[in-house]
Every structure is written in C-alpha cells, then in structure tokens.
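Bear in mind that the values in this text are calculations on the coordinates, not laboratory data. Not measured: the values here are computed from a predicted model. For neighbour counting, all protein chains shown are included, and Cβ atoms are generated from backbone atoms with ideal geometry for every residue, glycine included.
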Amino acid sequence: MCDIIWCKKEVGGKPCDTINYLDPYCFWNWEGKINCAECGTVYYIHMIQGFMYKGPEEKPGEKPDTSPLYADKPYDGYSNYRPGVEGRTRPFQCIPRAKLLGVADKVKFSIRGRPVRGWRPQPPSAGLAGSFGFNWDIQKLSPEVWEEYQKKLAAGEVKDW
Amino acid sequence: MAQDPRVTRMEDLPGPKSKGEMDEFKMPYEEYCKKLFDVGNEHTKPKPLNGIRWLSCTMYIFTPHAVANLAELGAEVIKLEIPRMGEPMRHTSPFNEVYLYPFHDARPMTGTGLGYTNANPNKYFVTMDYHIPEMREVFYSLVKKSDGLTELYRPGTLDKWKMSYRYLSEINPRFIYVWGGGFGYGPKVFGGSYDILGQAHAGLASITGMHEYMGGHCSKCTNWIIDWQSGTLISCAIMSAIHHRRKTGLGTMIEFSQVQVPTRMLGHTTTMYGKFGIVRQRWGNWDTQLAVHGIILCGKSDFPDADNPQDKHDARYVMVSAFQDQDFKELCDITGLKELYDKYKVYKDRVEGEAQLEIYTALEKWAADKSRSQVAKILTDAGILAEPVRNDREVYESQHYRERGTVRWMDDPIFGDMVVHGGYSTGLMEKSPRRINWHWRPLGADNKKIYRDLLGVPLTKIEEWYKKAYI
C-alpha cells in the first residue's frame, strides 16, 4: 500500500491536482509535515500503522520535515517528479522508517565480531558491466575495517559463535 | 564379482570386508552417522545436480526459492534481473533497515535487503532486459545452452515476447519450462498472488489462529510459508521432469499455481467437508485430533530482566503433548489435577471441545506461578513431552542446531561474516549434500562470466549493452 496526498490547492486559478506519493515504509508510523512537489504547499499528516489518522491539513508558512518520494499529475498527461528532485521530492536512500531524518543502521562487524559488509558506500566493482570479482579483499578494499578487525582479534573480541 | 557365479566369495557377501570396516560397523550409531554425514565438509563431496543449468526470470520468494533448491543441490542457476533495479526482493528488508552493500556499481548508496535471504544462494546474477527485441536472440542463445527456465509473469506475458514454452521448445526440445504464479488457468487467470493471498484463498488462514470467541482471529503464518512451500514443490516437479526427460529425451512444461498449494496443507479439511458437510473451524494452539497436544501460557518469563521484549515478555510459552491415556494420567498426577483425569480418562472424551477448554484452562492456571523452563522441566522429568517455544536467539544458541550444522557461520566471499541456515535445514545427505557457496552476489555480478565466458560475446558488445541499459 502507498498512501498519497492529493494536492488541490488553487494555484493560478486552477487546482494543483498533484498526487504526492508517500513511501509506505517511511510513513507507516509517522507524524510531521510534508510538501507538495508541485506547488510547495505544506501539509501536516499523522499516520498510525499505515492509516491516515490525521490530515492532510494545510500548514501555510511552515517548513516541511520531508518531501514525497515521487509525484505525478494525472490530469496533465501524468507528468511527474522522479525521486531526488531538489526542493520537490526526496532521494530514495533506503533510510529506515524509524529514523526517517537520520541514517540507516550500518554495521561493520557481525555479532561475533567478524567483518560483514553492512555499511555504505562500498568501493565500486572495477569490473565490466557491473561484474564483480569473487572475493572481498577486505585488507585492500576496506583498510580501516581491516585495522579495526586486527585490534579486535588482539583484544580477543572475535568469537566462534 | 566372482568368475564362476556358483562360487560364493566372502568379499561378495554383505557385511564388513576388512577389520577396519568391521570396526566401523561396530561404531555407536550416533558416531557412525556423524562420520557419514560429516557436517561442515559438504564442499568436499559431489554436487547431485552438477551439470544442470537453469535460467530464472523470477522475483520475490516463491519462484526464486524453487530455483534456489536446485542451486543448493549443485545446479548452475543463472538469475536474470532487470538492469540497474534488480528484482523487488532486493529492496525488501525487515523494517527497511537491514542491508548488505554494495548493490550495484550504479547505485553505491543502495544495498540488498535481508529479505533476499535463502531464496537466492549460489546463483549467478546477470542483468538483462529480456523483454526488448534487441535481447531476444541473446535470451534464445542462453535457452539453447540450458536445461530449463522458471518464470513468474502473468500467463501469456512471455508468449507475447515469443519466449514461452511453445517457442522455446522449438529451439531446445529438451527444455523444461516452469511457470509459477498466482492462479494459473481458470476463472482468475490474470490474478496475481502473494503468499497471504494464497493462505486466504485456499482457506488455510481460516483454520489458523484461535477461534473468535476465545479472543482470536484467523491468522496468516507470519513467515511466508506458502511461498517457501510452493517453491519446494516446484523443485519436486522439476526433478520429476528431469527424470522424465532422461527416459524420453523431451522437455516439458510445468504450470504451477501458488494458491493451490495451501489446499494440500489443509489435511483432512476438504475431505471432511465432502463426506459430512462439516466446515472446519480454527482451534489455535490446540489440536482437533489430539488432547493434550498444544501450547500453553506460563505466568513468568524465563528472561524477566532482558531488554528485548521478545525475551522479556514472550518467553512464556510451552508446548505440551500428553494425549495418550497413560501420559495424560501422569500429567494430571504431576500437576495435581487428578479430578481432570477422573473426568476425562478416555482419549475420545478429552478431545471434545468443551473438555479441551477445561483441561487447557486448568493447565494454564497451574502454570500461572511458574516460568516457562520450570514448566518444561517438571513435565519432562515426569516423562511427558514438553518444549519451550523458542525465539531466534535461542535457536541460534541451541547446541542441537549447532552440532548438526543447521545453523552455522560462513565467510561469504563477497559480503563477509554471516550466519546461515536455509540450505542446511533440509536434511542431511551422505554422498551428495546440499551446500551454500555464497549468500547472494551484487546485481549483475556475473555479467562477464555469462555473456563472455558462456556465450562468447565480445567485451566491447557487453559494454555497449551496458551503456544502453540492455544489461
């Protein structure tokens, strides 16, 4: 499911009629303000378990907390704003819903203290057409994690289970 | 064999042939099994499906899992994904927070979510926009070199693209073609499906969960069991098709509707309706055929001071089984509920709905001042089958699973340290076991391997396709 804010604000004598799509993961339990990608009108919403509990209510003059992921105008031949248009839509960055305005949980070590590639960005493959070599040479590709790993080994923090 | 068939030689008879073998035969059975299956050394043994090459135009869990079974058994599986995007399951992760990076060179800030787990090990990951006419011949050349394909598009979609069984079997008559999807032909031929839809459509959800008058609702099984189960059943069909082909030399088409799978898992439900007109009801954590044989709630958690609510509040359930008359007597003795035994001495009386209500209520009352492990210990010591309902952490820490290799750590060649279970939870095989070589690989990781090494496409062409987003 994907909830929407259908902006009907009068702009230049006719309704804005833009559909602003809300990425469900981020808005599943969320309260805050969000802008219309077309006319910039700020709306307050409160969603609980994916249900639009309050709003959308116009909040003129206030700053939005975030932007929709995508928006389109069905009466205008479905012209649209793709994710990541500055000032209109936000980029899709896998930001966790619980920390919408923060960063994703990233890990460098598994629960037993060995390196795992759970952080970004990672170095590119250097292969052709996205192809990858069949080995993560951690010492070469992620030297800082390698060093941290050596310290963990020396401190006896690396376990079998 | 002996030269003369009338001569019996000791070495032709069954049984040990040498002192060493005799010693082996004398091993305690458990040791013998351990040696036979040699858990942890799966990679030193042959792969049962070595030599089979399979194509996969699949997404989510159901159809990818059908092919993952082949890949774990040693088939060379080539998964074709949409360039730059990959299949949707790569972007699916529990609460959108658990990712492994990198995803693809073109998207350095994106990862593959752990939702991809278990349905994609050991596969080769290739990108191809196979629906455009420019790539059709490339797709055909893969078909010529492969044993089969699994796809999941709406019925007729691949036919529209000239990639359905009737086209592919002309190119490769030994080709096995699998369609796995929602409804298949019939009144809802274009209906798509998800696991939950299957559970609802086939009535499985209606008999899962507690009855409404006991505070329950119909429930779906949280983890998508119809997806996993349907995938496994497709794998069975593929094995049969391979065997059929060995005999006839001809490929075949398999059409597999996901929503029909839960009907198989309904047990007696439909047959009972056919015979007596009885519509089966939900009976939750208890059992309609056996009593006592269910899960009860204890009063105290095993981990009252834990931070994790799953430990703190939920470690309170125990499974109890004492449906035979003697076991039930013992259960009543140990719990001090002798009047229950006097009332329900016979199995047929106990299994009645009202009796079960009374028995389970009394048991939960008895367990109200005890913790889960106390209850399990009291009952187990009395010779009654009882087992705590474990959570993930307890499964991870379980010595049983560790010793059998069901849960184990592996050093994934690309992503590093990972705990895995899927491939090793499917039984042990002595001579040709399953194995996990890698969890998954980034999108398009094997483009060069497949396009150049397998199909002989020059690197300049591959680069050109990449720039045009054909691959």
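Structure summary
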| quantity | calculated |
| --- | --- |
| Descending principal axes extents, the range B:15-96, alpha-carbon based, whole Å | 61, 34, 18 |
| Extension reserve of the B:THR44-B:ASP159 stretch, reckoned as 0.36 nm per residue once the Cα distance is removed | 37.2 nm |
| Kirkwood Rh in Å, taken over all unlike Cα pairs in the range B:43-173 | 15.7 Å |
| Residues of type lysines that B:LYS312 reaches as a straight line, Cα spacing below 17 Å, ignoring anything fewer than 8 places off in the same chain | B:LYS300, B:LYS370 |
| Gap separating the Cα centres of the range B:80-112 and the range B:141-183, nearest whole Å | 26 Å |
| Distance-filtered residues of the range B:326-357 - backbone nitrogen under 11 Å, label point 7 angstrom along B:GLU364 Cα→Cβ | B:357 |
| Computed label-point distance, nm, for sites A:GLU144 and B:ARG136 using a 7 Å Cα→Cβ extension | 5.1 nm |
| Sites B:ASP305 and A:ILE111, calculated FRET efficiency, Cβ-Cβ separation with R0 25 Å, nearest 0.05 | 0.80 |
| Low-density loop positions, chymotrypsin sites (Phe, Trp or Tyr not before Pro), the range A:1-95 - DSSP coil, at most 10 other Cβ in 10 Å | A:TYR78 |
| Length-normalised contact order for chain B - Cα pairs under 8 Å, 6+ apart - percent | 18 percent |
| For the range B:310-356 and the range B:362-422, distance of Cα centres in Å | 22 Å |
| Diffusion constant of the range A:4-95 at 37 °C, which comes from Stokes-Einstein with the Kirkwood Cα-pair radius and 0.692 mPa s, µm²/s | 249 µm²/s |
| In the range A:111-161, trypsin sites (Lys or Arg not before Pro) in a DSSP loop with at most 16 other beta-carbon atoms within 10 Å | A:ARG112, A:LYS159 |
| Helix B:225-248 vs. chain B, principal-axis angle (Cα, 0 to 90°, nearest 10) | 50 degrees |
| For chain A, diffusion coefficient by Stokes-Einstein and Kirkwood Rh (Cα), 10 °C, 1.306 mPa s, µm²/s | 84 µm²/s |
| Loop-exposed GluC sites (Glu not before Pro) per DSSP, neighbour cap 13 Cβ within 10 angstrom, longest uninterrupted part of chain B | B:1-351 |
| Nearest 10 degrees, 0 to 90: helix B:372-381 Cα axis against chain B principal axis | 70 degrees |
| Kirkwood Rh (inverse of mean 1/r, distinct Cα pairs), chain B, angstrom | 26.1 Å |
| Nearby aspartates and glutamates by direct alpha-carbon distance to B:LYS461 (threshold 20 angstrom, same-chain neighbours under 8 apart not counted) | B:GLU81, B:ASP105, B:ASP129, B:GLU134, B:GLU137, B:ASP446, B:ASP453 |
| Value at 222 nm in deg cm²/dmol, rounded to 500, when DSSP H runs of n ≥ 4 in the protein assembly as shown each add -39,500 (n - 2.57) | -7500 deg cm²/dmol |
| Within the range B:53-73, backbone nitrogen closer than 16 Å to the virtual label 7 Å beyond the Cα of B:ASN223 toward Cβ | B:61-62, B:65-66, B:69 |
| Rg in Å to one decimal, and Dmax rounded to a whole Å, for the range B:271-314 via C-alpha atoms | 17.6, 53 |
| 20 °C / 1.002 mPa s Stokes-Einstein diffusion coefficient of the range B:120-260, Kirkwood radius on C-alpha pairs, µm²/s | 126 µm²/s |
| Most mobile of A:ASP76, A:ASP137, A:ASP65 in a GNM of chain A (Cα contacts under 10 Å) | A:ASP137 |
| Rg over Rh [alpha-carbon atoms, Kirkwood Rh] for the protein assembly as shown | 1.01 |
| In the range B:1-92, the trypsin sites (Lys or Arg not before Pro) that fall in loop regions by DSSP, at most 10 other Cβ within 10 Å | B:ARG6, B:ARG9, B:LYS26 |
| Globularity index of the range A:107-154, i.e. its alpha-carbon radius of gyration over 2.2 N^0.38 Å | 1.25 |
| C-alpha long axis of helix A:143-154 to longest principal axis of chain A, angle in ° | 50 degrees |
| Long-range amide H partners of B:GLY444 with built H, under 5 Å | B:VAL126, B:THR127 |
| Partners for A:LYS140 among lysines (Cα-Cα distance below 30 Å; same-chain residues under 8 apart left out) | A:LYS106, A:LYS108, A:LYS151, A:LYS152, A:LYS159, B:LYS79, B:LYS123, B:LYS448, B:LYS449, B:LYS467 |
